[in-house]
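Structure first, commentary second.
Computed from the coordinates by the stated procedures, all read-outs in this text should not be read as laboratory data. Nothing here was measured: the structure is a model prediction, and the numbers come from that model. Heads up, the Cβs are rebuilt from the backbone with ideal geometry, glycines too, and the neighbour counts pull from every protein chain shown.
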C-alpha cells in the first residue's frame with residue numbers, strides 16, 4: 001500500500017479511547033509547556049514583525065495566541081507556531097532525524113478551533129501528529145542530504161488537520177500528497193549564522209499543510225504516489241523506507257510521545273546536560289578568573305550541530321547563540337544561571353564573554369555517540385574545567401532533567417509555564433489556564449481555551 005494512503009487510513013482509524021491515560025497526560029503536559037513558550041514570546045520584535053506582515057489578511061475561526069484577534073487557521077498556525085518556537089524552549093524528539101514535535105500543537109489547535117472541535121478531538125489530533133512525525137523521523141534521515149526535519153511536519157499537520165476536518169481516507173491522502181510535493185525545506189535554515197527564520201521554519205510548513213488540507217477538502221488532487229513515485233520523495237529527498245502503521249500507537253504499538261525530551265533551560269536540546277554540569281561546577285569556583293580552560297565532551301551530533309563552526313564562538317544572532325554550546329556553557333559559568341535573558345544581544349555580544357569562549361573547546365566522546373546510536377540520549381555531556389592552580393573539576397550528566405528517563409514533574413512544568421508567561425498574564429489567569437489544560441478532555445469546544453489566553 002502507498003505510504004500516503006497508509007498514513008491516511010491510520011489517522012482516520014484511531015479513536016480517543018485507543019489512547020492510554022498516561023499518553024493523554026503526556027500530551028496535556030506538552031500543551032501547557034508549549035502554550036507557555038508561545039505566550040511569553042507574543043510581543044518580541046521578531047513576532048511583532050510577523051504579525052504586521054499578516055495584519056492585512058482578513059480571516060475568521062482561529063485565534064492569534066494571547067489576543068482576541070481571529071485569522072484563518074493557516075495564518076494563526078503560522079504566527080502561533082513561531083511564537084512557541086522563538087525561545088527554543090519547546091520539546092525534542094531524536095531519532096534518525098531530529099524534530100520538535102510540539103511544533104504540531106499550535107497548528108492542530110488552530111484547525112480544531114476553526115472546526116469547533118472538542119478538547120478530546122484536539123488531544124487525539126495532536127497525539128496523531130506527534131506519532132506520524134516521530135515515526136517518519138525513525139524511518140529516514142534528511143539533514144545529511146541537505147533537507148530540514150520540518151519537512152515531516154508537512155505530513156503530520158496535513159494528516160491531523162484532515163482528521164479534524166473529517167475529510168476521510170481519500171481526501172486525507174490527497175492533502176498529504178499536495179503538502180509533501182510542494183513545500184520542501186532546505187537545511188540551510190540551520191547552517192552557519194542562524195536567522196530569525198528558525199522560529200518560522202515549521203510554522204510555515206504548517207501553514208502550507210493546512211492550506212493543502214483545505215484544497216483537498218474541495219476535491220483538488222495531488223501528485224501520486226508522492227513517496228514512491230518516479231520523481232517522488234524517496235527519489236529526490238529521503239531514500240527508500242517502509243512504514244508499518246499497524247505497529248503505530250493506537251494499533252499494536254506504543255505511542256512515541258513517551259520518548260519526548262522536554263527542556264529545563266531555554267537552549268538547544270543537546271546543550272541541556274552541559275548546562276546542568278556547568279551550573280553544578282560553577283558552585284565550586286570562587287571566580288571564573290581562576291579558570292584556565294574548559295573542555296566540553298559530547299556526542300557527535302552535539303559537536304556537529306552546536307559545537308563546531310567559527311560562528312559558534314562569536315555568535316551574532318540570538319538564534320546562533322542558543323545553538324552555541326561554547327556560548328551557553330560560558331554564560332552558565334559566568335552568570336551561574338541560564339534564562340531567556342541569556343540570549344539578549346547585549347549579553348551574547350559581551351566582549352568578556354567572547355574572550356572567555358576562547359578558553360572553551362568541544363570534543364566528541366565516543367561513549368556518548370554510541371549511547372545515542374543505541375537509543376539512549378543525544379544530550380549526554382561532560383565538563384572538564386582546569387583551574388590556573390592545576391586543580392581539575394569534572395562533571396558528567398547523561399540524562400538531564402526533562403529527558404524521558406528523568407522527567408520533569410507536573411509542578412516543574414507549571415513553574416516553567418508561569419516563569420515564561422508571567423510577564424504577559426496575571427497569576428489568576430495563569431492558574432485558570434493551567435486548570436483548563438489539565439482538564440482539557442472535558443471541553444466541548446477548544447475555543448474556550450483560547451479565550452482564557454489573553
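What value, in deg cm²/dmol to 500, does the helix sum -39500 (n - 2.57) over DSSP H runs of n ≥ 4 give at 222 nm once divided by the residues of the chain?
Value at 222 nm, helices only, nearest 500: -14000 deg cm²/dmol.
Cut-off is 10 Å between beta-carbons; in what order do 1, 186, 419, 31 appear when sorted fewest neighbours first?
Details: 1 9, 186 12, 419 15, 31 23.
With the sparsest Cβ surroundings first, the list reads 1, 186, 419, 31.
Between segment 437-454 and segment 29-81, what is the C-alpha centre distance in whole Å?
16
Can you sort 95, 409 from fewest to most other Cβ atoms within 10 Å of each residue's own Cβ?
409, 95
Report the antiparallel proportion of the DSSP beta bridges in the chain as a percent, rounded to a multiple of 5.
On the way: 19 of 26 bridges.
The antiparallel fraction comes to roughly 75 percent.
For segment 269-397, max minus min Cα coordinate along each principal axis, in Å, sorted largest first?
40, 35, 23
Using the count of nearby Cβ atoms within 10 Å as a rough guide to exposure, how do 364, 17 rank from fewest to most? Display every interim value, and only then the final one.
Details: 364 17, 17 8.
By the 10 Å Cβ count, ascending: 17, 364.
Is segment 335-446 best put as rounded, prolate or oblate by its Cα gyration tensor, with a ≥ b ≥ c the root eigenvalues, rounded for a/c under 1.5, and otherwise prolate when a/b is larger than b/c, oblate when not?
On the way: a/c = 3.07, a/b = 1.60, b/c = 1.92.
Verdict is oblate for segment 335-446.
Just to confirm my numbers, what's the Cα centroid distance between segment 346-390 and segment 313-343 in Å?
12
I want to check the label-to-label distance for residue 287 and residue 438. Put each point 7 Å from Cα in the C-beta direction and report it in nm to one decimal.
Going from the residue 287 label point to the residue 438 one covers 4.8 nm.
Relative to the longest principal axis of the C-alpha atoms of the chain, give the angle of the C-alpha long axis of helix 325-335, reported between 0 and 90° and rounded to the nearest 10°.
60
Considering the Cα positions of segment 1-148, please state its Rg to one decimal place and its Dmax as a whole number of Å.
In Å, with Rg to one decimal and Dmax whole: 16.0, 47.
Stokes-Einstein diffusion coefficient for the chain at 20 °C in a medium of 1.002 mPa s, Rh from the Kirkwood formula over Cα pairs: what value in µm²/s?
Details: Rh = 22.3 Å.
For these conditions, the coefficient is 96 µm²/s.
Post the alpha-carbon centroid distance, segment 157-201 to segment 103-123, in whole angstrom.
That distance is 16 Å.
Using only the alpha-carbon atoms, how far is helix 272-282 inclined from the longest principal axis of the chain? Give it as 0 to 90 degrees, nearest 10.
30
Binning at 10 angstrom from zero up to the longest distance, how are the C-alpha pair distances of segment 22-92 distributed in percent?
P(r) for segment 22-92, in whole percents per bin: 20, 49, 26, 5, 0.
Quick one: angle between helix 105-114 and the longest Cα principal axis of the chain, in degrees between 0 and 90, rounded to 10, please.
That helix lies at roughly 30 degrees to the long axis.
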